[in-house]
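Data block below; observations after.
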Amino acid sequence: MITDFIDHLRHRMSYMLDRRKPLHGMLGIPAFFALFLLAFMAVNSRQDGSSDHVNKLEREAQSELDKGHFVEARIAAMRMMQEGVQNSKAVLLEAKALRGMGRENDALRLLSRIAPVDRPGYAPAHVIQAAILLAQKDCDMNAVQKHISNALHSDPSDVNALELAARFSAGRRDWNMALKYLRKLDTDKRADLMLMKATALQFTGQEDEAIKFAGKAESALRAMKKTATENGSEVRFSIAVSLSLQRKFDEAVQWMLGSMQGTPTPAERQLIGGIYLSWSRFLKSQPTADRMKVLQLLEQGIQVSPESQDLIMAFLGDCEELTSTPTDRQRYVERILGNGGTATSFLHYYMGVQDWKQGNREAARSHFELASSLNPGFKVIGNNLAMAIASVSTDHGELEKALALINELIEQEPENPFFLDTRGHVHAKMGEFKEAVRDFERSLPNARDKNSSHTKLADLYDRLGMADLASEHRTAALAHMSPGGNATQVVR
């Protein structure tokens, strides 16, 4: 509009001057400039009005989102989009509405316009895409990481991006990286972030700072507990965690037991079991640790949370260090783990390991099969079952079953040296020597029993007719020889 007006003005002035009416032209100039000014003011006023309208629609869309009225929020966001070109806030609001409607894939497609995964875009849009992806069952962790990185590249001070980066790192147990992001956030008014920071500090060896932040988190959480309604359980759990981080383990357990209503829920049992596990580890780290006290704490934890696999594995590990006879140890383990469910699956796992150590491979396999049937999907048990099958069976069908079992585990942990070692044994038993060599070579740098790995590789290279490589590994096996190396081969 303004451009057309200016062109018309220039044409009119040229016409007047060309017609040799300079006086008229000169007199007409103020009038034209007055008209120009009026037109500019009108257009600018319209733009201001449009901006006010967009802001009003934005507030309306956000208000509808806050109320959970996602359809209305989307309509307001789409009207915002009609008022301007490529309005990033409108796209963001519409995507949030779509997400609330359960249309996550549509939200992702919309957000990718302003925040593609392959380059930095609008930081808030990257954050929401990462959050949507993290909530999916089959999460693309690589895409999540790219979106977080892009968000921080676009706006290094974006608090939502920094918080998500910290949570993502904490979820991957990368506590140093989590701490790096948390240090850039103001945590004073966020009890949850203070608690995360305390956890990160503890796992990075900064125990005094961890206790300090856990104390601050506890104070803030107790203040929240007085007004908490919907998130009351989360606040209660967080208080217990903050007490545990301050080494107030007994107080943490009593807090949970005293604030429970009726039979403990699975989440409550899991948390109490975790407190006992942390308590036992702390006690074990002390110079004058009482080993029986450690076992008693683990036993108490198992009684509360018999499905806690971490507790049971810690218990079995500490049982191995007892000076009592194998029979007495087994009797003790049977008493603690013989009450059914997950605990009993680990009782069979334990008995299978004992049979394996004594050379009773068939009995070990039977126990591992029982353990696996009671607790399908537990990686240690699955790995040992595959190893036992490879050890005792020559049936091709059973060996294929063992291979399928260990392949599934390696898909989850491609570089796990124990899983690669087991698959190497399965391939070797099937006569697939080249495949076996590849697995043993991959597992070798991180193998716990290098003597056994080198010995097996020497045998495989001999079978493949590679005498020089066989000789190298035979020499390396001698260098890594230790008493009883093969006895614990299956114990993972």
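Here's the yes/no breakdown for (1) over 22 Å from LYS357 (Cα atoms); (2) open to solvent by 20 Å² or more (accessible area, probe 1.4 Å); (3) of a type in the set (Ser, Thr, Tyr):
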{"residue": "LEU374", "(1), (2), (3)": "yes, yes, no"}
{"residue": "VAL380", "(1), (2), (3)": "no, yes, no"}
{"residue": "LEU385", "(1), (2), (3)": "no, no, no"}
{"residue": "ALA402", "(1), (2), (3)": "no, no, no"}
{"residue": "PHE419", "(1), (2), (3)": "no, no, no"}
{"residue": "LYS429", "(1), (2), (3)": "no, yes, no"}
{"residue": "GLU432", "(1), (2), (3)": "yes, yes, no"}
{"residue": "ARG463", "(1), (2), (3)": "yes, yes, no"}
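Restricting region 283-299 to residues that are open to solvent by 70 Å² or more (accessible area, probe 1.4 Å) and under 29 Å from the mean Cα position of the chain (by Cα), which is farthest from LEU257 (Cα to Cα)?
SER285
From the list ALA252, ALA267, ALA289, exactly one residue is among the aliphatic types (A, V, I, L, M) and within 20 Å of LEU322 (Cβ to Cβ). Which is it?
Residue meeting the stated conditions: ALA289.
What is the one condition in (1) under 28 Å from VAL91 (Cβ atoms); (2) open to solvent by less than 60 Å² (accessible area, probe 1.4 Å); (3) in a helix (DSSP H, G or I) that LEU185 does not satisfy?
Tallying (1) under 28 Å from VAL91 (Cβ atoms); (2) open to solvent by less than 60 Å² (accessible area, probe 1.4 Å); (3) in a helix (DSSP H, G or I), LEU185 fails exactly one: (3).
If GLN254 satisfies all but one of (1) surrounded by fewer than 16 Cβ atoms within 10 Å (Cβ to Cβ); (2) touching a Phe, Trp or Tyr at 6+ places or on another chain (Cβ under 7 Å), what's the number of the condition it fails?
Checking GLN254 against (1) surrounded by fewer than 16 Cβ atoms within 10 Å (Cβ to Cβ); (2) touching a Phe, Trp or Tyr at 6+ places or on another chain (Cβ under 7 Å), the one that fails is (2).
Hey, does region 194-201 have a residue that's of a type outside the set (S, T, N, Q), open to solvent by 30 Å² or more (accessible area, probe 1.4 Å) and closer than 30 Å to ASP318 by Cα?
no
Might you let me know whether region 204-220 holds any residue that is more than 16 Å from the chain's Cα centre (by Cα) and within 22 Å of GLN129 (Cα to Cα)?
No: zero hits.
Any idea which residue in region 56-93 is modelled with the highest pLDDT, counting only those that are of a type in the set (Asp, Glu), open to solvent by less than 70 Å² (accessible area, probe 1.4 Å) and more than 32 Å from the chain's Cα centre (by Cα)?
GLU60
For ASN384, state whether it is polar (S, T, N, Q) and touching a Gly at 6+ places or on another chain (Cβ under 8 Å).
Criteria met by ASN384.
Go over the candidates ASP310, ASP328 one by one and state the one that is closer than 23 Å to ALA198 by Cβ and open to solvent by 20 Å² or more (accessible area, probe 1.4 Å).
It is ASP310.
If the requirement is being of a type outside the set (Ser, Thr, Tyr) and either in contact with a helix residue (DSSP H, G or I) (Cβ under 7 Å, 6 or more places away or on another chain) or without any contact (Cβ under 8 Å) to a residue 24 or more places away in the chain (or both), which of these qualifies: ASP118, ASP138?
Being of a type outside the set (Ser, Thr, Tyr) and either in contact with a helix residue (DSSP H, G or I) (Cβ under 7 Å, 6 or more places away or on another chain) or without any contact (Cβ under 8 Å) to a residue 24 or more places away in the chain (or both) holds for just one of ASP118, ASP138, which is ASP138.
The values are calculated or read from the model by the stated rules, or taken from the named source; none is laboratory data. Keep in mind it's a predicted model, so treat the numbers as computed, not measured. Here the Cβ is made from the backbone with ideal geometry for all residues, glycine too, and neighbour counts use every protein chain on show. All accessible areas refer to the heavy atoms of the entire protein, side chains included, with ligands and DNA or RNA removed. Shrake-Rupley method; radii C 1.70, N 1.55, O 1.52, S 1.80 Å.
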